[in-house]
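To start, the structure itself, in structure tokens.
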């Protein structure tokens, strides 16, 4: 369930990214479209998180342990990455404010920190798939930094904000679905162990009546 909760948190951040940055120079209609898609994606992840919790709440102890094997991923390495992310995020924003950088650069910095966060978690979780959205966010963030010194600076929030948020939402929906599917279909080993522990039904043997013995 920790993994599902992580996907929900990521989806919330992705939706906020889209909501905040889907404005001018985007047209009103396009901005609304991106916001609607973000809300639908967040609602989908939230629904899977809720139903996964209910399924686990009604499962046996063996099935819960099998489904939550991913809980080991939230150990010391994860804590170090999150702590580094927090320091880099707020420290970087403070530094950008101190040098009076354009506010559009803040969006690119947040996207960069988020992207590096996922890239760093890939080896820790031993999941290459987690690196993919992180790499995309990193590229979009770097593109925003480049755009910030060009006349296209007004498009930085869309590139590094809206597109990054949609990328994060797409990744969260995908991995939330994979996690939900693994919970909905328990591991065969766990099911077999559960069945092996069930008491065997008593076997009643039919006793035929003894044939009468005739005396000579």
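Residues are listed down the side, and each one gets a yes or a no for (1) buried (at least 16 other Cβ atoms within 10 Å of the Cβ); (2) under 18 Å from residue 7 (Cβ atoms); (3) touching a helix residue (DSSP H, G or I) at 6+ places or on another chain (Cβ under 7 Å); (4) modelled with pLDDT of 90 or more:
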position: 64; (1), (2), (3), (4): yes, no, yes, no
position: 70; (1), (2), (3), (4): yes, yes, yes, no
position: 73; (1), (2), (3), (4): yes, yes, yes, no
position: 76; (1), (2), (3), (4): no, no, no, no
position: 89; (1), (2), (3), (4): yes, no, yes, yes
position: 92; (1), (2), (3), (4): yes, no, yes, yes
position: 95; (1), (2), (3), (4): no, no, no, yes
position: 108; (1), (2), (3), (4): yes, no, yes, yes
position: 118; (1), (2), (3), (4): yes, yes, yes, no
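Quick check: anything in region 10-26 buried (at least 17 other Cβ atoms within 10 Å of the Cβ), on the phi < 0 side of the Ramachandran plot, modelled with pLDDT under 80 and not in a helix (DSSP H, G or I)? No, region 10-26 contains no residue that is buried (at least 17 other Cβ atoms within 10 Å of the Cβ), on the phi < 0 side of the Ramachandran plot, modelled with pLDDT under 80 and not in a helix (DSSP H, G or I). From the list 141, 88, the lone residue that is under 24 Å from residue 170 (Cα atoms) and assigned to a helix (DSSP H, G or I) is 141.
Taking region 122-134 as the search range and keeping residues that are at pLDDT 85 or above and in contact with a helix residue (DSSP H, G or I) (Cβ under 6 Å, 6 or more places away or on another chain), which one is nearest to residue 90 (Cα to Cα)?
Here the answer is 134.
So that you can scan it fast, the table gives a plain yes or no per residue for (1) touching a helix residue (DSSP H, G or I) at 6+ places or on another chain (Cβ under 9 Å); (2) at pLDDT 95 or above:
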{"residue": "147", "(1), (2)": "yes, yes"}
{"residue": "154", "(1), (2)": "yes, yes"}
{"residue": "168", "(1), (2)": "yes, no"}
{"residue": "210", "(1), (2)": "no, no"}
{"residue": "216", "(1), (2)": "no, no"}
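Scanning region 35-45 for residues that are closer than 15 Å to residue 161 by Cβ and crowded, with 20+ Cβ neighbours inside 10 Å gives a single hit, 38. Please verify whether region 43-62 includes one or more residues that are outside any helix (DSSP H, G or I) and either in contact with a helix residue (DSSP H, G or I) (Cβ under 8 Å, 6 or more places away or on another chain) or modelled with pLDDT of 95 or more (or both). Scanning region 43-62 turns up at least one residue that is outside any helix (DSSP H, G or I) and either in contact with a helix residue (DSSP H, G or I) (Cβ under 8 Å, 6 or more places away or on another chain) or modelled with pLDDT of 95 or more (or both).
What are the residues in region 129-158 that are over 14 Å from the mean Cα position of the chain (by Cα), free of Cβ contacts under 8 Å to residues at least 40 places away in the same chain and closer than 30 Å to residue 48 by Cβ, if any? Correct list: 135, 136, 137, 138, 139, 140, 141. Within region 176-192, the residues that satisfy the criterion of being at pLDDT below 85 and surrounded by 15 or more Cβ atoms within 10 Å (Cβ to Cβ) are 179, 180, 182, 183, 186, 187, 190, 191.
The values are calculated or read from the model by the stated rules, or taken from the named source; none is laboratory data. Nothing here was measured: the structure is a model prediction, and the numbers come from that model. Virtual Cβ from ideal backbone geometry, glycine too; neighbours counted across all protein chains shown.
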